[in-house]
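Heads up: the structure comes next, in structure tokens.
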């Protein structure tokens, strides 16, 4: 082999080696992003800028929810080097085993990336935060993030405001990387429904750091930083003073109160009892407190006004009065006798003693069971329809047009639909064509299978107050001082009953308060129209129910009150509603101080726990 040939071989070898090195260098510097990230992470630190959540006010500008600074310790695992683990653990007051376990937990998180920050310790105490600031240069890869947690000015309205909590892995996955472990998001209430408005948008700050992770200034004077966008402020429709009074009146009782402005659908008060102080679900103890609330047998986390279905009892007679007229089986002059109740074919539905016979207005005022059993029978046995199920389907259509038996679309998470039985429902139980009015007669007095939520009760009251329509109930009035623009909150939903049939029913409801079963709810100078109900409960004492609106003309408030296992509607529900109406319309509720004290001091929860009675009563007042 001559020298020239050997030279060519050596040249080729060196050329290949050179090309290989150059290619590798080109790849590392131009194409391999991990190398770029490694280089950047030696001089740059990416910090998340958390936006302040929007503030929450009541309809009159009373501040309800604001923010408080908290300090989270975050770590970029890839940057942790030469860590004095003993000193680090001493500052945090944790063991080395705990330290290692936390790192393992971070690495097992879904979407874990070693060059991105993860929360190592949440909500440092102020003394711990101060020590970390002094020693942070010794703990390379760690830094403190400042963010905000919620603070509640008052201890009320927990079920309206809701609470925030840490995002789950599923939420992180859905967010396409926007959220990371340790971030907070609205979990319930307004915090959840309006997360996109309240939450704001996170920003990013790039800092130059030295070999000891000490900040040396902004990278390129912040040219690549993105500013955080603060959340929008929200004004609720609730009246805080009214909400506060309602929570005082219903304390130590199980039940609900919902008040609505009929003309707009704005919710003035939404109260669930028992409740809890929303401040329990902030800070380091939120997990422990949530577990305690979850295990409480009285279910303080359960939003009864939105989700609890109750038999409406006699308040349903108002709907019966309107549907009967619409179907031309009932007229203002229609009269029925009552002799201790309704009797037909061996069936007996009891009633309280009263004058008899009665026409429609008197039947409403006295709340006669026999009267409305007859109305129901005439509806379902209506000869205008060839079959019972056809008549019942019309009855069902009318009833549900009042917003009963289905979700209304309120802007709060967790709304239930209640239940109004369909003809198909009874077909499954009894067989098709094998049931008729007497089979389901209890519906005529608001019992049987009916399940109506307090929100639906208040909404149905608003339908009557408006003489035929409702606006979708909603809790948010303004966002950043602009009216809530959702189209569904601006649309009138008309029921299927003609407006001409409402006046006689409203007159009867006024009689209920002026000289009927709800006389206790009278307020001099204010025309209140209402209806009491004593809803049968197979699991214990009857529920006390009342709904009303006021004033009679140009109504400003519609309200529904349910007190579980409390007996007659006039005993508990009606006076609570009356005091709240007085507060909202006059800003006074202390004109009947003895009544206020009786309601506030009453501990019905204790009585319920000690009441083993399961007697089913037939009285409807």
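The values are calculated or read from the model by the stated rules, or taken from the named source; none is laboratory data. Only a predicted model underlies this, so the values are computations on that prediction, with no experimental measurement involved. Because the Cβ atoms are built from the backbone with ideal geometry, glycine has one as well, and the counts that use them run over all protein chains shown.
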query: Are any residues in the stretch 450-493 farther than 18 Å from residue 190 by Cα, in contact (Cβ under 8 Å) with a residue 12 or more places away in the chain, surrounded by fewer than 21 Cβ atoms within 10 Å (Cβ to Cβ) and within 25 Å of the chain's Cα centre (by Cα), and if so, which ones?
result: 451, 469, 490, 491, 492, 493
message: Given the criteria farther than 30 Å from residue 185 by Cβ, assigned by TED's automatic domain parsing to the domain that holds residue 319 and surrounded by fewer than 17 Cβ atoms within 10 Å (Cβ to Cβ), does residue 345 qualify?
response: yes
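So that you can scan it fast, the table gives a plain yes or no per residue for (1) modelled with pLDDT of 95 or more; (2) outside any helix (DSSP H, G or I); (3) in contact with a strand residue (DSSP E or B) (Cβ under 9 Å, 6 or more places away or on another chain):
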| position | (1), (2), (3) |
| --- | --- |
| 315 | no, no, yes |
| 320 | yes, no, no |
| 328 | yes, yes, no |
| 334 | yes, yes, no |
| 339 | no, yes, no |
| 349 | no, yes, yes |
| 355 | no, yes, no |
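Surrounded by 16 or more Cβ atoms within 10 Å (Cβ to Cβ) and part of a loop (DSSP other than H, G, I, E, B), is that true of residue 143?
Numbers: surrounded by 16 or more Cβ atoms within 10 Å (Cβ to Cβ): yes; part of a loop (DSSP other than H, G, I, E, B): no.
Here the answer is no, as residue 143 does not meet what is asked.
Any idea which residue in the stretch 62-78 is modelled with the lowest pLDDT, counting only those that are over 18 Å from residue 147 (Cα atoms) and in contact with a strand residue (DSSP E or B) (Cβ under 8 Å, 6 or more places away or on another chain)? Quick ask: steps written out before the conclusion?
In the first step, residues of the stretch 62-78 are kept if they are over 18 Å from residue 147 (Cα atoms); the result is 62-64, 77-78.
Still in the list and also in contact with a strand residue (DSSP E or B) (Cβ under 8 Å, 6 or more places away or on another chain): 63-64, 77.
Details: 63: 95, 64: 96, 77: 84.
The selected residue is 77.
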task: Just need a number here: residues in the stretch 528-551 that are in a loop (DSSP other than H, G, I, E, B) and touching a helix residue (DSSP H, G or I) at 6+ places or on another chain (Cβ under 6 Å).
output: 1
statement: Only unsatisfied item for residue 179, checking (1) touching a helix residue (DSSP H, G or I) at 6+ places or on another chain (Cβ under 7 Å); (2) under 20 Å from residue 52 (Cα atoms); (3) in contact (Cβ under 8 Å) with a residue 60 or more places away in the chain, is (3)
- prompt: Restricting the search to the stretch 567-593, which residues are under 26 Å from residue 367 (Cβ atoms) and not in a helix (DSSP H, G or I)?
  reply: 567, 568, 569, 570, 571, 572, 592
- request: Can you confirm whether the stretch 527-548 contains a residue that is surrounded by fewer than 19 Cβ atoms within 10 Å (Cβ to Cβ), within 22 Å of residue 263 (Cβ to Cβ), without any contact (Cβ under 8 Å) to a residue 60 or more places away in the chain and more than 33 Å from the chain's Cα centre (by Cα)?
  value: no
message: Please determine whether any residue of the stretch 371-381 is closer than 30 Å to residue 423 by Cβ, surrounded by fewer than 16 Cβ atoms within 10 Å (Cβ to Cβ) and at pLDDT 90 or above.
response: yes
